[in-house]
1. Please work out whether the range 269-407 counts as rounded, prolate or oblate from its C-alpha gyration tensor, where a ≥ b ≥ c are the square roots of the eigenvalues and a/c under 1.5 means rounded, while otherwise a/b larger than b/c means prolate and anything else oblate?
2. Could you do me a favour and compute the accessible area per residue for the range 145-373, 1.4 Å probe, result in Å²?
3. Under the rule a/c < 1.5 gives rounded, and otherwise a/b versus b/c splits prolate from oblate, where does the range 183-231 land using the Cα gyration tensor?
4. What is the percent carbon and sulfur in the accessible area of the range 133-228, measuring with a 1.4 Å probe over the protein chains and ignoring ligands?
5. Leaving ligands, DNA and RNA out of it, report the carbon-plus-sulfur percent of the accessible area of the range 379-437 at a 1.4 Å probe.
6. Can you give me the long-range amide H partners of Leu195? Hydrogens built in the peptide plane at 1.01 Å from N, cutoff under 5 Å, separation of 5 or more residues or another chain.
7. Pop the C-beta distance of Asp251 and Lys354 into the FRET formula with R0 = 60 Å and round what comes out to the nearest 0.05.
8. With a 4.7 Å Cβ cut-off, tell me which Cys residues in the chain come up empty for a partner.
Amino acid sequence: MKLHLVSLGCAKNLIDSEVMLGSLVNAGWVITDDPAKADIIIVNTCSFIEPAVNESIDTILELAKFKKNGVCQHLIVTGCLPERFREKIVRALPEVDIFLGTGALDRIVHAVEDPLNFSKCLLPDPNLLAMQTKDTHRVRSSSHIAYIKIAEGCSRHCTYCIIPKLRGKYRSRNHADIVAEARSMVLLGIKELILVAQDTTSYGKDLNMSVGLSGLFESITEISENVWVRLLYGHPDSIDESVIKTIAKHDNICTYFDIPIQHVSGTVLKRMGRKYTRDDLYRLFEKIREIAPGCALRTTAIVGFPGETDKDFKELFDFVEDICFDHLGVFIYSDSEDLPSHRLAHHVPKNTAKKRHDRLMSLQADISVKNNQKYIGRVLQVLVEKKSEDNMFIGRTYFQAPEVDGITYINSSQLKPGKFAGIKITDAFEYDLVGKTV
Ligand code: SF4
């Protein structure tokens, strides 16, 4: 029997998909890339913001067609969409046979093997979902990159964010399990280990670990020589100096700091429920650049948050102009009735929010091209990812994370995907670089 799985959303969701596929393959199922050939189709969904909800629903409806035009007998929807919208989405999508919430991902084999006797919608408490162990089998979606989940859930309560409701409280994974998983990935030839969670820099604090994230880094670097280790999804008020120093100390840890700020205006941060100030952020990024010169800074910002004034936006604009981030993602506030921020006064008109989004993106485009031009003439270590066309390969440097940042185009005829190469940068654009082998 064959199954096809589509994974939507973030890297953490991708890991859940890989773990579900691992247990299904262990149960004897065969994975097919062709939904038309699949007896069972699974969509692991995202519902973080409105565009993600729309993408999930469109994907489900698209794949539901294979129940008519293909061999598909059952369509199963898992993850954040059913977890967020519960019975409402069950009524809205009669095409779907089974819904599994984020707390029921470990029931996927039962659901697939006995769909007729399985309940239509299973939404147990996500806090009760067992964490991955070192023996959890995953079907990896990449031959040379592996995301490693170091914690689940979030115990913060940013007023615009639904994640704590979808994923439960913050729970750090067992240190030894993470290191064992990293070791098994390195033995499988992985060249980049990417540590992820909703808030990676809080790792170990819920377990009163003495060394937490810096200790985890030390253990992973011991087993991953010649393998990049990257950290994503940090948090401004939980990143310790010890973590910054550990990242700066080890050659194989990418000096790449992904720290979403969301905003800098005191009033907006307060309404967002984020407990730091603009000056805290100035001090943090200054300290990071002092301890790790040449590091890359990535952040995200939300514009159009309820109550955001022109003055608030100017503060954010000036801050971005000052810091000159290497990478900036700008989101327009996505309202929804199930968010605390929905009840805040003074919602910002969509066109105003769009104008602010475009102004910040255009500022960042100028900053980004200037930042990239400083690499012209330098030889950088690049992880070659794939051949794009004759004499052209695509890769990434330590300051280019997968999926979210730019890439490096490499003029060459004889490179190996999944290997590192020394690349001389010959040109630079807003987001991407061009280079050649040396
Ligand atoms: S820290 Fe991140 S995941 Fe947690 S509530 Fe805030 S935005 Fe959501």
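The values are calculated or read from the model by the stated rules, or taken from the named source; none is laboratory data. Keep in mind the model is a prediction, meaning the values are calculated, not measured. Using ideal geometry, Cβ is built from the backbone for each residue, glycine included, and neighbour counts are taken over all protein chains shown. Keep in mind that these areas ignore ligands, DNA and RNA; they rest on the heavy atoms of the full protein, side chains included. Shrake-Rupley method; radii C 1.70, N 1.55, O 1.52, S 1.80 Å.
1. prolate
2. 41
3. Note, shape of the range 183-231 comes out prolate.
4. 54
5. Working: 1320 of 2840 Å².
Carbon-and-sulfur percentage of accessible area, whole number: 46.
6. It is Ile148, Arg230, Leu231, Leu232, by chain and number.
7. Numbers: r = 43 Å, r/R0 = 0.71.
E(calc), rounded to 0.05, equals 0.90.
8. Cys10, Cys46, Cys72, Cys80, Cys121, Cys154, Cys254, Cys295, Cys324
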